[in-house]
């Protein structure tokens with residue numbers, strides 16, 4: 001063989017080896033992109049292309065053609081990914097073979113030929129699997145797939161055996177299980193949580209930051225029903241209430257957003273906002289006698305099965321801080337605020353008054369005690385040396401709730417076994433009663449099962465039946 005012919009052959013083999021290495025890298029990027037692009041991504045891009053007035057007809061037609069090819073690939077993503085992997089491996093092997101041929105042409109020993117071919121094949125395989133190509137396919141999967149949709153289509157057409165085998169093995173599974181896109185989203189979510197767990201385990205963040213990062217990933221797994229205030233804890237106002245009644249209710253309960261109801265809590269008419277009532281009455285005291293319906297706003301409804309991350313984004317988009325939660329039958333299940341969603345990320349939002357809920361009972365009079373709402377009933381029995389015989393409640397707050405038959409607010413009181421329990425303070429973001437004053441009273445006219453007082457406190461507690469919502 002002449003020297004000129006040998007040089008031409010070596011150059012040709014070298015160019016072929018470089019092209020095969022490039023092909024292997026492109027196929028590796030395609031593999032990664034195919035596994036990450038969903039049909040929804042392609043449909044959205046198709047709409048953008050069709051509605052883009054700046055594109056010429058030729059460019060628009062060309063892009064739409066590529067998008068149609070990408071859609072066909074995604075419809076059979078597993079077969080397309082396997083086809084790309086097959087040709088990527090073939091490219092790696094052939095690159096090593098070509099390098100071995102170049103070494104043989106140069107007259108090297110056989111063992112050098114084998115080692116050179118093997119080393120080059122391994123290096124190309126390492127680069128295509130772990131380095132830049134897959135990174136590009138992961139970070140810009142839609143762009144990579146659309147750009148190289150033709151290459152992926154050729155790979156699929158040249159490997160019909162892979163396509164048929166994949167269809168036979170997965171046809172039954174696809175009918176009974178989740179779709180490709182749903183499965184893909186689930187895989188990505190699990191991969192994200194696993195990556196975040198690895199970062200947290202490496203102590204790269206503060207413990208508080210680590211908890212927040214983990215909570216963010218869990219938002220999509222948490223449903224609205226898990227964070228809502230149940231209907232039994234809702235404070236409401238009836239439609240025949242006045243603005244004066246509403247102002248008193250807000251002052252005593254600590255809430256600034258209260259549902260307006262009709263016949264019952266399922267007959268929800270709207271939401272009343274404290275700032276609207278203040279705006280209407282601040283410079284016009286006569287307006288205090290107006291009906292609450294005069295300032296009522298349309299409520300926001302959300303299903304109880306809505307994921308918390310979707311709830312949070314919807315409340316941001318619609319600029320609503322409170323929403324009414326409905327169950328599958330259309331009944332009112334509870335209420336949820338944007339602060340409830342935020343708490344799922346940053347943790348419980350307590351205020352400076354919450355420490356009273358963890359304090360010890362304090363004697364404030366001769367036989368009058370101020371007790372945190374969480375004080376056990378057994379401690380109440382020991383202080384006043386009585387036996388309440390209450391098995392279905394464990395705390396002083398639970399006892400007052402049972403006696404009233406509704407959620408207590410500040411000023412509500414009830415009597416039982418010669419004791420009068422009065423709610424005097426509220427705390428926390430949800431404004432639950434935090435302090436209850438207990439004192440002995442005359443048992444004359446008081447039955448064994450207990451009863452509520454007829455004073456102003458009890459009348460006010462009829463105005464607001466159950467839970468309210470955070471201040472602005």
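The values are calculated or read from the model by the stated rules, or taken from the named source; none is laboratory data. Because the structure is predicted, anything quoted here is derived from the model rather than measured. Backbone-built Cβ (ideal geometry, glycine too); neighbour counts: all protein chains shown.
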Exercise. Can you tell me which residues in region 18-62 are over 32 Å from the mean Cα position of the chain (by Cα) and at pLDDT below 80?
Worked result: 52, 53
For this session: For region 283-309, enumerate the residues that are loosely packed, with under 15 Cβ neighbours inside 10 Å and within 12 Å of the chain's Cα centre (by Cα).
Result: 305, 307
For this session: Would you mind stating whether residue 36 is touching a helix residue (DSSP H, G or I) at 6+ places or on another chain (Cβ under 6 Å), in a loop (DSSP other than H, G, I, E, B) and either surrounded by 13 or more Cβ atoms within 10 Å (Cβ to Cβ) or at positive phi (or both)?
Result: yes
Exercise. So how many residues does region 362-395 have that are assigned to a strand (DSSP E or B) and within 27 Å of residue 234 (Cα to Cα)?
Worked result: 5
For this session: State which residue pairs qualify: first residue free of Cβ contacts under 8 Å to residues at least 12 places away in the same chain and inside region 359-385, second residue in a loop (DSSP other than H, G, I, E, B) in any location, beta carbons under 9 Å apart, and separation of 6 or more residues or different chains.
Result: 378/394; 381/387; 381/388
For this session: Scan region 239-246 and give yes if some residue there is crowded, with 17+ Cβ neighbours inside 10 Å and modelled with pLDDT under 85, otherwise no.
Result: no
Exercise. Does residue 398 satisfy the condition of being in the same structural domain as residue 425 (by TED's automatic domain parsing), assigned to a helix (DSSP H, G or I), within 18 Å of residue 418 (Cα to Cα) and modelled with pLDDT under 85?
Worked result: yes
